[in-house]
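Bear in mind these aren't lab numbers, they're just calculated from the coordinates by the rules spelled out. Everything quoted here is computed from the prediction, not taken from an experiment. Cβ sites come from the backbone with ideal geometry, for glycine too, and all protein chains shown count toward neighbours.
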Amino acid sequence: MSDFVYLDNAASTRLDERVLEAMRPYFFETYAVATSQFGYSPGVEAKDALESARSDLASALGARAEEVVFTSGGTESSNMALKGVAMALGEKKGKHIITTRIEDFPVLNSARALERMGFRVTYLNVDETGRIDLQALEQAISADTILISVQSANQEIGTLQDIAAVARLGHERGVLVHTDAAHSFPRVPLNVAETPVDLVTMTAHLVHGPKGVGALYIREGTPLAKWMDGGFQEFNLRAGEENIPGAIGFARAIQLVTVEETQRIQAMRDRLITRALQIPHSRLNGHPVFRLPHNANISFRFVEGESILLHLDMRGFAISTGSACFSRSLEASHVILGIGGDHERAHGSVRFTFGRFNQERDVDAIADAVAEVIASLREISPLGKEAN
Amino acid sequence: MPLPYTEKVMEHFRHPKNVGRIDEPDAKAMEGSPACGDMVAVYLKVNPDSKVIDDIKFESYGCASNIATGSIITELAKGKTIDEAKGITWKEAADALGGLPAIKAHCSVLAVDGLRAAIQNYEERHGLVTEQEPTTVEVVIKRLKHVMNPVTGLDVIRTKLVKQVEVDEGKVRLVIDLPPNHQFAPNIREEIQEKIGHLWDVKQVVIEFTD
């Protein structure tokens, strides 16, 4: 994969060697689990390492260490947030949850699962840029609303929500607020000391950290039922031996993200958008300004996404698409449909997501390749001939 | 390259055979898949005496299996009589490609449907339909199931876009539940004309839009 240009960093990222170095001792030397801290010294070392990772992660978020629980990744964190609040408050306070139509599957399908268990869920519409309407959110809140879950950034089109405003609104109305920040943290900073969210989903593998580790921020005092039963790990909120190398790696990965790097990535992304939009019959999906710095999502008319992907794969580039043909469910992207796009716009939508290991020269290379591939697929398409 | 496609599929995807249009074709058809959103156009040149398919071309707005199946199906049909070509099945096409992933069945079956529809179009245009079925409301609805509603990717019948169908002495009248200035109104009008306009006993197709 050495010459391969990987532009699917919203799917996963390459591990940074420095992260691996930080993790290595916890596989071969300090491999004891933190639970053994009262039995022998390697257990104490393991516990110290875990707690130091926890406080590093917490400080990056403006939180206190006791408010951060390590999980197996973003999916578990969001499940824990939605189902944990539902189990804690469903009988006591109410059974209404508010989320958005374009959430990523961990939140969306947790909400659907709760619906099957008798909860009522409001799925907020978004505008054509992917943003929710705060007034609609306010109107959706009722006496039995227990949780608002609005993503920080969209997984496909990169649109950022005004989480500070959502959180303030939730607090004014006494409703807990969860945000899935798996795609944004820490490239788009989030400080829970300033933004009054109660629960935050985070993951390591989208910022050059290891796969299989994530975290959930839980503001002190937030009612949350334990649903992973077993031992007493993670403040008795999440059973199972902690993934100590993973936690160390996650904390290290967060430290390595810098503003300068994000600016470099954004410059590459901006250049790609400019180049891609020079291709006729193309449009940017998502918000022109409020979007993830590393995300570009473009729809090309008259061509299909999976075909674009396979042609680019042959030329050594990896990207993603919202086409129904590409998804295992054969459903077009719910995000593109959610922003008012039709099936056709999803059919020809492709996502480019940049990361640390992309090079400036890759941008023109992929832009050239995309232009060629779109032209050749349009050549064989029955559509758009008159329009050319 | 460990993609879920055979070498044969990738070869036909990379270098599809018989791609493009035929000027003044003897028959043509456009098939679209509601679930997948793919579309295939098939064009035929048929020898009027022998009924052999002399030339066949296709266009695809689709994924790899759709393009590859379009390519293989045109290869299989070329040189066959229309009766022989009618009998080509999806299974034969898939076998010729060394197999297709099950999940891709309906993207690829579209190309086979496209070929059959083009042959049917030829037979209708050239008076080869032995038992001429009178055009009834049911026939119209059946044909409209092949017209896509671009808003949803499902056909216009399933999405209840067609509010009313009347057939009276060769005049077909349809009411479509879209404003006449809707961005897809001209597309839908054109597609409906193509599916119904040429039927042997249809003299006029009137398409009305709601306000």
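Quick notes on this structure:
- Cα-based reach from A:K47 at 15 Å (exclusive), listing aspartates and glutamates while leaving out same-chain residues under 8 positions away: A:E29, A:D56, A:E66, A:E234, A:E241, A:E242
- Residue order, fewest to most beta carbons within 10 Å, for A:K83, A:K211: A:K211, A:K83
- Normalised by the number of residues in region A:129-256, the average gap of Cα pairs under 8 Å and 6 or more apart makes the relative contact order 18 percent.
- Volume of the Cα convex hull of region A:17-256, divided per residue and given in Å³: 112 Å³
- Per-residue mean of C-beta atoms belonging to partner chains within 10 Å, peptide A:343-349: 5
- Peptide B:57-69 shows a mean partner chain C-beta count of 6 within 10 Å per residue C-beta.
- Built amide H within the under 5 Å cut-off of A:L124, gap 5+: A:T99, A:T100, A:R101
- Counting only lysines at least 8 places from A:K95 when in the same chain, those with an alpha carbon closer than 26 Å to its own are A:K83, A:K226.
- Each DSSP beta bridge with both residues in region A:89-233 is either parallel or antiparallel, and the antiparallel ones are about 35%.
- Nonlocal Lys pairs with alpha-carbon distance under 18 Å, region B:61-211 (8 or more apart, or different chains): 17
- All C-alpha pair distances within chain B, sorted into 10 Å bins from zero, spread as 8, 32, 33, 21, 5, 0 percent across the bins.
- Set of lysines near A:K385 by C-alpha distance (under 19 Å), chain-local residues within fewer than 8 positions excluded: B:K28, B:K57
- Dividing the convex hull volume of the alpha-carbon atoms in region B:139-211 by its residue count gives 75 Å³ per residue.
- Highest-first packing order for the peptide set A:333-340, A:127-134 is A:333-340, A:127-134, based on the mean count of other beta carbon atoms within 10 Å.
- Dividing the summed -39500 (n - 2.57) terms of all DSSP H runs of n ≥ 4 by the residue count of the protein assembly as shown sets its mean residue ellipticity at 222 nm at -11500 deg cm²/dmol.
- Extents of region A:1-83, largest first, come to 48, 35, 23 Å (Cα atoms, principal axes, whole angstrom).
- Taking region B:137-209 and dividing mean pair separation by its residue count, relative contact order in percent (alpha carbons under 8 Å, at least six apart): 30 percent
- If you wrap the protein assembly as shown in the convex hull of its Cα atoms and look at it from every side, the mean projected area works out to 30.3 nm².
- Estimated translational D of region B:59-137 in µm²/s (Stokes, Kirkwood radius over Cα pairs; 25 °C; 0.890 mPa s): 182 µm²/s
- Relative counts (whole %) of C-alpha pair distances in region A:37-78, using bins that are 10 Å wide: 28, 42, 26, 4
- Convex hull volume per residue, computed on the Cα atoms of region A:176-239, equals 96 Å³.
- Of the two radii for region A:258-379, the radius of gyration is 0.95 times the Kirkwood radius, both from the alpha carbons; that is the Rg over Rh value.
- Neighbour counting of Cβ atoms within 10 Å sorts the residues B:K163, B:K28, fewest neighbours leading, into B:K163, B:K28.
- P(r) tail fraction, region B:7-125 - alpha-carbon pairs more than 24 Å apart, %: 17 percent
- Put simply, the amide H of B:K163, placed in the peptide plane, has neighbours under 5 Å in B:V175, B:I176, B:D177, leaving out anything fewer than 5 places away on its chain.
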